Amino acid sequence: PEATYAVFPCTLANIGETYQYIHQTWLPGSGYRRAASPDFELYDETFDPNSRDSTFYIYFPIVR
């Protein structure tokens, strides 16, 4: 569904830390709250599934 998203770069090596940062650090201090939409991960054409350091993006739905 259409929504406004905060976008966070991430790697397979730090995915857990990134989700922890979103929920425990960024969101409480952001002035936003989570929207009632799903979050998702975007793996573009530059992503290499064989590299734990390859970047993809977490899209986290937000509202004011």
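Things to note:
- The accessible surface of the chain, taken with every protein chain in place and a 1.4 Å probe, is 50 percent carbon and sulfur.
- Which labelled figure in (i) 16.9; (ii) 12.0; (iii) 12.4 is Kirkwood radius over Cα pairs in Å, once derived from the coordinates: (iii)
- The mean accessible area for residues of the chain, using a 1.4 Å probe and ignoring ligands and nucleic acids, is 66 Å² per residue.
- Neighbours of Pro61 by Cβ distance under 9 Å: Lys/Arg scored +1, Asp/Glu scored -1, total 0.
- Within-11-Å neighbourhood charge of Thr11 [Cβ basis; K, R +1; D, E -1]: -2
- For Ala13 and Phe40, a Förster radius of 22 Å and the Cβ-Cβ distance give a FRET efficiency of 0.65, rounded to the nearest 0.05.
The values are calculated or read from the model by the stated rules, or taken from the named source; none is laboratory data. All of these numbers come straight from a predicted model, not from anything done at the bench. We place every Cβ from the backbone using ideal geometry, glycine too, and count neighbours over all the protein chains shown. Accessible surface areas use protein heavy atoms only, side chains included; no ligands, DNA or RNA. Shrake-Rupley method; radii C 1.70, N 1.55, O 1.52, S 1.80 Å.
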